[in-house]
1. Here are the criteria: (1) touching a His at 6+ places or on another chain (Cβ under 9 Å); (2) modelled with pLDDT under 85; (3) not hydrophobic (A, V, I, L, M, F, W, C). Tell me which single one G353 does not satisfy.
2. Filter segment 73-122 down to the residues that are assigned to a loop (DSSP other than H, G, I, E, B) and touching a residue at least 40 places away in the same chain (Cβ under 8 Å) and list them by number.
3. With respect to V331, is the statement that it is assigned by TED's automatic domain parsing to the domain that holds S399 and in contact with a Ser or Thr (Cβ under 9 Å, 6 or more places away or on another chain) true?
4. Has segment 147-161 got at least one residue that is surrounded by 16 or more Cβ atoms within 10 Å (Cβ to Cβ), out of contact with any Lys or Arg (no Cβ under 6 Å at 6 or more places or on another chain), modelled with pLDDT of 85 or more and over 30 Å from P56 (Cα atoms)?
5. Mind checking whether some residue in segment 273-290 is assigned to a helix (DSSP H, G or I), modelled with pLDDT under 90 and either under 16 Å from L416 (Cα atoms) or of a type outside the set (F, W, Y) (or both)?
6. Looking at A367, A381, A358, can you tell me which residue is surrounded by 14 or more Cβ atoms within 10 Å (Cβ to Cβ) and either part of a loop (DSSP other than H, G, I, E, B) or modelled with pLDDT under 85 (or both)?
7. Across segment 124-176, what is the number of residues that are assigned to a strand (DSSP E or B) and more than 30 Å from V275 (Cα to Cα)?
8. Quick check on R101: is it of a type in the set (K, R), farther than 29 Å from T129 by Cβ and loosely packed, with under 12 Cβ neighbours inside 10 Å?
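The values are calculated or read from the model by the stated rules, or taken from the named source; none is laboratory data. As the structure is a prediction and not an experimental result, all values here were calculated from the model. Note that we place each Cβ from the backbone using ideal geometry, even for glycine, and neighbour counts take in every protein chain shown.
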Amino acid sequence: MAPRVTIRPTAKSGHFLLLVAGCILAFGATRRPELILFCLPFVVAIAIGLAGVRIPTVSVRSFATSHAVFEDDRIEVTLQVDAKSAVTLLELLVPLPEDIRLVEGSNLILTTMTAGERREFRCAFTVPTRRVLAMPPPQIRMLDAHGFWNVELAVGEARSIIVYPRPESIRLLISPEQTQVFTGNFAARDFGEGVEFATVREMQRGDRLSSVNWRLTANRGSLFVNQFVPERNADIVMFIDAFEDFGSAAPSVMDRATRCAAAISHHYLRAKNRVGMIEFGYFLNMLRPATGTRQWYRILTALASTEALPRQVSYRVSALPQRILPSHSLVIACTALLSDRFDEALFDLKHRGFDVVAILIELESEADTEQSTDESIRSIAIDLWRFELKARVTKFKRSGIPVAYWGIGLPVESVLREIAASRGFRR
């Protein structure tokens, strides 16, 4: 694809033209010939510059180390510049957002090049928060040999780099109330074929001889058999609150919610479970539960682009198809409880028989009221917010939905331990 070329006069050519025009006007008013002699060199320079315009010719190719990275991973961009003609001044810019951190090199380069010269320029940066990073094509600006014209080019096409949320390392997973039919790492509620010992009972018709507990049989004088619990997998659905976002500085509430979902999804998938995701807000983004590494990257891609985009209408949880929310699924909600509509969705899921738990992303009270300058008003606002939040959490717990606070700086595993302790051991 041919580059888009824009030719603009430089400030030097504008100044020369103003000077010549001023001298001509002054000569018309005063009739002093020395004014013409004074501006004559500038007229000659402008004529030479206009007559000898030669646009420098360069070709630029850009390469990125990866098109998908995790937060704070190093991304290196290499620019290969071939000068087919001499360039008096070459300005090369790689446009980057303001919050990008450069770790090596510079995204703005000023240099000169001779005809036939090839040079490579590198810059490396990191992205602090997940997103789909739009990378515009490199911007090139060159100065002609006489300094009268700027030649601007946009070479190549815009590209996107997906920045995944970085998951934490966790070891504890919440056991679901009911498991599915496939083999996994969770103990089922019913007895059956498995390797985890459960209890013993007297032998009944149809029991296998291989399950007889001979030691207990010898002590009791009658046949006893061992009972085991089969190992099954679970269906997990990550339920992301996308109604509201909060936080001007990174990471925002949505950034923390996606990191939490990424960590939990990763470890459930490693344990051979099926994991799906629902971005529930003004827009509805769904991923059907599945297993494997491919599903893991599908979830990461969806989390990277999750945003709270308000509009006039919104969906209801009853509109979700059954294949997205299979029966006996464990629904793990990540929310800051900034919208009542998400509360309604959780209550609806619980009433429909799903196993629902909620991770409450705790806000910093100072950040919540930073726009209030009156200390007394800010204190009242904080107290009211805490009172309302406590009432909503109490309502969740009375409905059988465990809620755990996830404060800033706390590991995700501490929240999972709190939820597991509140649920207890159920078979």
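1. In the conditions (1) touching a His at 6+ places or on another chain (Cβ under 9 Å); (2) modelled with pLDDT under 85; (3) not hydrophobic (A, V, I, L, M, F, W, C), G353 misses (2) alone.
2. D73, A86, V94, P95, D99
3. no
4. Taking every residue of segment 147-161 in turn, at least one turns out to be surrounded by 16 or more Cβ atoms within 10 Å (Cβ to Cβ), out of contact with any Lys or Arg (no Cβ under 6 Å at 6 or more places or on another chain), modelled with pLDDT of 85 or more and over 30 Å from P56 (Cα atoms).
5. So far as segment 273-290 goes, no, none of its residues is assigned to a helix (DSSP H, G or I), modelled with pLDDT under 90 and either under 16 Å from L416 (Cα atoms) or of a type outside the set (F, W, Y) (or both).
6. A381
7. Keep residues of segment 124-176 that are assigned to a strand (DSSP E or B), which gives 124-126, 131-135, 139-143, 149-154, 159-164.
Filter once more, keeping what is more than 30 Å from V275 (Cα to Cα): 124-125, 135, 139-143, 149-154.
Residues in segment 124-176 being assigned to a strand (DSSP E or B) and more than 30 Å from V275 (Cα to Cα): 14 in total.
8. no
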